């Protein structure tokens, strides 16, 4: 079964058109977006954590461990907590660093006349994105934020190298963007991103969703930098602005860098997919499905997906450009050991 999950993801790189349809590229300044449409038979029925939160159908609970949160699905629907989702509140802002598909949580009793809820609590892995706070300044409860990790920080969040790499990349991002200390004094990535939104707003407003869109492939300065898609168009629509904002940060980071001239974005994307030399690893998901991680031989590309019912619930692949540099990663950096999910 585990090898089957890896093969499903491998086949995505070998022949993307078995899964995806690529729509007409949309261009704004130095950023190009290709809308992605996933084939109908790859759809899965679930809702996003954002929708569940708006309807008060999910609860996120802080624990005594920075790298662990707890969640309860109070609905009768499957809920996706995507990789790269950030939550604010508690003692520190966190990010969820693997995609999690929660099974339906609320079941109606067929014996009693009074409905009863059967609540199952899941421990979910988190990494801190706010280094200099450990107190309740924003209330004890957690709420999802509109901030998703931009590629460089997402790259480090996927890695098993630990919490320190995420903090180092956030500090590097602060230096790159020349943020004053008064901006995000607690080193909160969420606060830094709010500052960036003054510039990313135009990008977000320019790109438009097409019918049945489920994701995007993104080019900056003519170079492919990442892709994200979902097995549900409604979930994509709910998350799309947040995802565009995260990728737009890359466009701002490299707006003054040289441009690679290309007009054949579809062909370029497929060519890159086929030539990537990737290592794969898989493990059981926190709830439904199996997580598959992949890392390129040159350590430039890293990705993660959740496979459930032979389909990819969320697919995410990015490259790291610039930012914090440490000693070279080993060829394979996977978070396959369960205990690693809850270690700093």
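Where a number appears in this text, it was derived from the coordinates with a stated rule and is not lab data. Note that the coordinates shown come from a computational prediction; the quantities given were computed from them, not determined experimentally. Don't worry about glycine lacking a Cβ; one is built from the backbone with ideal geometry, like all the others, and counts go over all protein chains shown.
The fraction of Cα-Cα pairs per 5 angstrom bin, counted from 0 for the stretch 196-261, comes to 3, 17, 26, 23, 17, 8, 3, 0 percent, rounded to whole percents.
Springs between alpha-carbon pairs under 10 angstrom, Gaussian network model over the chain: which of 311, 295, 209 fluctuates most? Result for the chain, Cα springs under 10 Å: 209 fluctuates most.
The stretch 154-215 and the stretch 276-306 have Cα centres separated by 22 Å. The distance separating the Cα centre of the stretch 76-99 from that of the stretch 7-55 comes to 20 Å. The modelled label-to-label distance for the pair residue 54/residue 194, using points 7 Å beyond Cα in the direction of Cβ, is 2.2 nm. Taking the fewest neighbouring Cβ atoms within 10 Å as the starting point, the ordered list for 64, 284, 242 is 64, 284, 242. A Förster radius of 56 Å combined with the Cβ-Cβ distance from residue 259 to residue 309 puts the calculated FRET efficiency at roughly 0.85.
Which of the three applies to the stretch 159-295, rounded, prolate or oblate, going by the alpha-carbon gyration tensor with a ≥ b ≥ c and a/c under 1.5 meaning rounded? It is rounded, given that a/c, with a ≥ b ≥ c, falls under 1.5.
Note on 312, 177, 192: ascending count of other Cβ atoms within 10 Å places them as 177, 192, 312, the fewest first. Footprinting exposure proxy ranking of 255, 211, fewest other C-beta atoms within 10 angstrom first, gives 211, 255. Sum -39500 (n - 2.57) across every DSSP H segment of at least 4 residues in the chain, then divide by the residue count to get the 222 nm mean residue ellipticity, nearest 500. It comes out at -8500 deg cm²/dmol, rounded to the nearest 500.
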